[in-house]
């Protein structure tokens, strides 16, 4: 088990009191991983302390405002790859098959492409394979880190750490394409409803699915999705 990937998976999960109680151990894991630079380990410390010490209801509200009410900060990776395309359903099916072939059965109501779920899976795999998958998402991590930095959110440090673990420098043009996607105001509920109105993600037989390695599910990740015309600017 890669304890750092598991720890980052937990940090990106919805805050709970159990998570707060686990933060000293999680912080210790992150602080001792030599794969991360000293600067990256220091940058993670404020988030570790915030989760451990803040009021749980404040933590929950901030989490929802960031990741549930802002599509451009979505923790569902295929949201940044397939957007509203129907290809997303087939990709989900194939990703679930990849998990199950490896003996990994997510115990969650989240979609298979939810980043904490993917990181939990990668934590069970040889690091060289996990790193390949992280590298395919490098430009998404970079874009999310930049967006969170703009909001002065300590969660930015998590994506900076994932980018570093990927061992890859994010493609500048791919990052720019993602950052050019307009954001919605998380307080504008009408605009948010319009943005999240999309085709249903259908889980079912996919004649082209097979059981490829998880990184193949992200093979289109380097082709950022074109923003839908009804997206409202922040």
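Spread over its residues, the convex hull of the C-alpha atoms of region 74-172 is 110 Å³ per residue.
Placing pseudo-labels 7 Å out from each Cα toward the beta carbon at residue 57 and residue 3 gives an inter-label distance of 3.6 nm.
Taking 20 °C and 1.002 mPa s as conditions, region 1-134 diffuses translationally at an estimated 134 µm²/s according to Stokes-Einstein applied to its Kirkwood radius (Cα pairs). Label-to-label distance for residue 152 and residue 20 is 2.3 nm, based on points extended 7 Å past Cα in the beta-carbon direction. The stretch between residue 180 and residue 45 holds 45.6 nm of extra length on full extension. This uses 0.36 nm per residue minus the Cα-Cα distance. Once the Cα-Cα distance is subtracted from the 0.36 nm per residue extended length, the residue 127 to residue 68 segment shows a gain of 18.3 nm.
The label point for residue 37 and the one for residue 100, both projected 7 Å from the Cα toward the Cβ, are 4.3 nm apart.
Computed from the coordinates by the stated procedures, all read-outs in this text should not be read as laboratory data. No experiment lies behind these values; they were computed from the predicted model shown. Reconstructed Cβ throughout: ideal geometry from the backbone, glycine too, with neighbour counts over all protein chains shown.
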